[in-house]
Amino acid sequence: MASGGGRWLRGLWAAGQPLFQGRALLVTNTLGCGVLMAAGDGVRQSWEIRSRSGQKFDPRRSGLGCLEGQTLDQSCQELRDKFWEFYKADWCVWPAAQLVNFLFVPPQFRVTYINGLTLGWDTYLSYLKYREADSSPQTGGGGLCEEEPEEKDECGM
């Protein structure tokens, strides 16, 4: 059975090789990125649907603030509220991912590798954008790599 599965995997690999060469590489990378970005939001919404009764899948949720009916001020405030959390997480994930990408991944597979990581990253960004206000971290932003807050004196310094 293992050899039958191996033959199937080798056949799939051989059939997919032309997608990673020449002009097809641009189409493969572009479509792969879009599909994985949508999948990241879909994963997060599925997670929320299971944990919250009454919530339904909303394809509009994947859009920008203006598509969600937010004003420019609301979108800017959301950015101010969440920027440092996702920026710190970004610095934890992407430098290491790109180090592996450029040291070990063959050039024709680099975008596909990053697209795979982007699936998890987009899931995190969807979580960050749509989490409820009362579930936000109490330490001023949380994030994947945040250090414990330092003690402040009576002046807040």
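Any read-out appearing in this document is the output of simple, stated calculations on the displayed coordinates, not a laboratory observation. Everything quoted here is computed from the prediction, not taken from an experiment. Glycine also receives a Cβ, built like all others from the backbone with ideal geometry; neighbour counts cover every protein chain displayed.
Give a residue-ordered list of calculated ³J(HN,Hα) values for region 26-31 (Karplus: 6.51 cos²θ - 1.76 cosθ + 1.60, θ = phi - 60°; whole Hz; x for Gly, Pro).
4, 5, 4, 5, 5, 5
If each of L19 and R131 carries a label point 7 Å out from its Cα toward its Cβ, how far apart are those two points in nm?
Here the modelled spin labels are 3.4 nm apart.
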